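A quick write-up on the structure given underneath.
The values are calculated or read from the model by the stated rules, or taken from the named source; none is laboratory data. The shown structure was predicted, so the numbers you read here are calculated from the model rather than taken from an experiment. FYI the Cβ positions are ideal-geometry reconstructions off the backbone, even for glycines, and counts take in every protein chain you see. Side chains included, ligands, DNA and RNA excluded: accessible areas come from the protein's heavy atoms. Shrake-Rupley method; radii C 1.70, N 1.55, O 1.52, S 1.80 Å.
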Amino acid sequence: MIRFQRLTPTFVEQDHAALMRDVDALRAWSAQDWPTVDFTVDDNLVDLIRHDQEHLDAIALTFSVILGADIVGCIYVHRFEHGLRTRDIVPPADPRHHRDTIVRGWAHDIAADTLIQASRDEHGDPFESGGRWWWQTNTDCPDQLAACDRSGLSDELSFETPAATWVLRSVPE
């Protein structure tokens, strides 16, 4: 059974080990050259401090994905516009999405179906905004897209960027 725990700088070493376990998979998931092969624990600490401050400011919420006693992944929960901007997407001017939440994540040793469903169960409306919940991935992560299909997340928004085609999936309205 997986669980989520707020990611804080306290977990820097365990989080770093999870990040570096499969750099290629994380690069495909993030559509960036992050993490670099020489990404250090100190580099990770800078990231965790930023995530911690975003959490405190209720801009974005970041959680470790824990399996047994090990950190095996991460979930990022964003207000809709912020979640798009973090992937270099200009948010649409559609006011229907103002209260929506974007969730994305990665994990080792956990099926994408399990990760997405557990994220929905745990982080369904974290900002208490009453909006829709969207899972965000990209076309380089076919396992997550297939898991969205199997989970009934069939409403789709997609955004083309130079780095990737980003896909948001939600339950039908």
Subject >> Hits in the stretch 8-24 (condition: farther than 12 Å from T36 by Cα and assigned to a loop (DSSP other than H, G, I, E, B)) >> reply: T8
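From the list A28, A58, which residue is more than 24 Å from C141 (Cβ to Cβ), hydrophobic (A, V, I, L, M, F, W, C), within 17 Å of the chain's Cα centre (by Cα) and open to solvent by 20 Å² or more (accessible area, probe 1.4 Å)? Break it down into steps so the answer makes sense when it comes.
Numbers: A28 fails: more than 24 Å from C141 (Cβ to Cβ).
Result of the check over A28, A58: A58.
If a residue must be of a type in the set (V, I, T), surrounded by 14 or more Cβ atoms within 10 Å (Cβ to Cβ), without any contact (Cβ under 8 Å) to a residue 60 or more places away in the chain and part of a loop (DSSP other than H, G, I, E, B), how many such residues does the stretch 74-101 contain?
Initially, the stretch 74-101 is screened for residues of a type in the set (V, I, T), giving 75, 77, 86, 89-90, 101.
Okay, now just the ones that are also surrounded by 14 or more Cβ atoms within 10 Å (Cβ to Cβ), so 75, 77, 86, 89, 101.
Remaining after also requiring without any contact (Cβ under 8 Å) to a residue 60 or more places away in the chain: 77, 86, 101.
Pick out the ones that are also part of a loop (DSSP other than H, G, I, E, B) and you get 86.
Of the residues in that region, 1 qualify.
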**OP:** Take the residues in the stretch 130-149 that are assigned to a loop (DSSP other than H, G, I, E, B) and open to solvent by 30 Å² or more (accessible area, probe 1.4 Å), then tell me which one is nearest to D33 (Cα to Cα).
**Re:** D140
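Does G152 satisfy the criteria of being touching a residue at least 12 places away in the same chain (Cβ under 8 Å), at positive phi, outside any helix (DSSP H, G or I) and open to solvent by 40 Å² or more (accessible area, probe 1.4 Å)? Walk me through how you get there before you give the answer.
Details: touching a residue at least 12 places away in the same chain (Cβ under 8 Å): yes; at positive phi: yes; outside any helix (DSSP H, G or I): yes; open to solvent by 40 Å² or more (accessible area, probe 1.4 Å): no.
Answer is no for this residue.
With respect to R104, is the statement that it is within 12 Å of the chain's Cα centre (by Cα), open to solvent by 20 Å² or more (accessible area, probe 1.4 Å) and either of a type outside the set (D, E) or over 15 Å from L157 (Cβ atoms) (or both) true? Full working, then the answer.
Numbers: within 12 Å of the chain's Cα centre (by Cα): yes; open to solvent by 20 Å² or more (accessible area, probe 1.4 Å): no; either of a type outside the set (D, E) or over 15 Å from L157 (Cβ atoms) (or both): yes.
In short, no.
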Subject >> Output for the stretch 2-25, where each listed residue is touching a residue at least 60 places away in the same chain (Cβ under 8 Å) and either open to solvent by 80 Å² or more (accessible area, probe 1.4 Å) or within 23 Å of T137 (Cβ to Cβ) (or both) >> reply: I2, R3, F4, Q5, L7, A18, R21, D22, A25
